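Presented below is the structure to which this report refers.
Please treat every number below as a calculation from the coordinates, not as lab data. On a predicted model such as this, the values are computed, not experimentally measured, just so you know. For neighbour counting, all protein chains shown are included, and Cβ atoms are generated from backbone atoms with ideal geometry for every residue, glycine included.
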Ligand code: GLN
């Protein structure tokens with residue numbers, strides 16, 4: 001389920017959904033993409049297996065918040081039930097209590113998780129490489145970040161920063177993991193160059209959908225994907 005794709009789509013975050021769909025289809029798994037737009041109601045969201053909240057500018061974040069807040073209770077219960085969520089940059093910040101912009105104005109978040117984001121000083125921009133805390137191989141995740149906000153939290157981080165800034169440019173951590181929610185500053189789009197993260201999400205979604213303890217599924221030929229992944233490491237690490 002791609003939430004408000006016309007607004008939450010900085011740096012091609014929609015590419016993540018296309019990547020997930022392709023990787024399902026290549027394995028013979030049917031996968032439909034739904035775009036959640038204004039007035040779509042709650043029922044459609046209840047049937048989702050994966051939710052994408054893409055990045056957005058400060059202005060877009062506050063617009064989307066005013067619509068997402070009506071879905072807060074439902075999204076919270078879906079998260080507690082283990083739905084897979086990928087929340088990127090502005091979408092990640094929306095999961096927290098608030099984003100305080102550079103002028104000190106508070107842009108409300110959904111407060112699904114207990115953290116706050118504050119814009120401080122220069123924007124954190126550039127290529128980023130992290131070592132993820134998820135049980136995947138390889139451990140590295142590559143991407144691109146561009147955010148003014150600094151996020152501070154006590155949850156499990158998505159990873160340790162090897163190159164770049166991450167959550168706040170200070171504590172060396174990037175993103176957040178809560179149940180099957182991945183919050184991250186990594187655009188890219190993230191998933192095409194990190195197929196191990198895409199597959200992690202698909203597996204978790206299938207395990208939840210079919211009530212499975214664990215699932216082994218077909219490996220794909222990711223030669224090209226890892227050529228791109230490794231090239232980023234060669235260039236920037
Ligand atoms: N508005 C947020 C910030 O600058 C998020 C930007 C983004 O999604 N790239 O921190």
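Some points to look at:
- Across the stretch 2-236, the relative contact order, built from alpha-carbon pairs under 8 Å that are at least six residues apart, equals 20 percent.
- Prolate/oblate/rounded call for the stretch 46-97, Cα gyration tensor, a/c under 1.5 rounded: prolate
- Per residue of the chain, the DSSP helices (runs of n ≥ 4 H) give a summed -39500 (n - 2.57) that works out to -8500 deg cm²/dmol at 222 nm.
- By DSSP, the beta bridges lying fully in the chain are antiparallel in about 65 percent of cases.
- For the stretch 33-162: rounded, prolate or oblate by the Cα gyration tensor [a/c cutoff 1.5]: oblate
- Residues of the stretch 47-67 with an amide N closer than 18 Å to a point placed 7 Å from the Cα of residue 211 along the Cα-to-Cβ direction: 47-49.
- Comparing mean-square fluctuations of 16, 194, 70 from a GNM of the chain with C-alpha springs under 10 Å, the top value falls on 70.
- Arranged from fewest to most other beta-carbon atoms within 10 Å of their beta carbon, 34, 4 become 34, 4.
- The fewest-to-most ranking of 134, 186, 38 by surrounding Cβ atoms within 10 Å reads 38, 134, 186.
- Once the C-beta distance of residue 59 and residue 171 is scaled by a Förster radius of 30 Å, the resulting FRET efficiency is 0.60 to the nearest 0.05.
- Shape call, the stretch 100-150: gyration tensor on alpha carbons, a/c limit 1.5: oblate
- Mean-square fluctuations from a GNM of the chain, with a 10 angstrom spring cutoff on Cα atoms, peak among 138, 189, 157 at 138.
- Relative contact order of the stretch 1-123, pairs being alpha-carbon contacts under 8 Å that are 6 or more residues apart, as %: 24 percent
- The stretch between residue 18 and residue 76, if pulled fully straight at 0.36 nm per residue, gains 18.4 nm over its current Cα-Cα span.
- Added length on full extension, which subtracts the Cα-Cα distance from 0.36 nm per residue, residue 237 to residue 35: 69.1 nm
- Residue with peak Gaussian network fluctuation, the chain [Cα springs, cutoff 10 Å], from 44, 107, 182: 44
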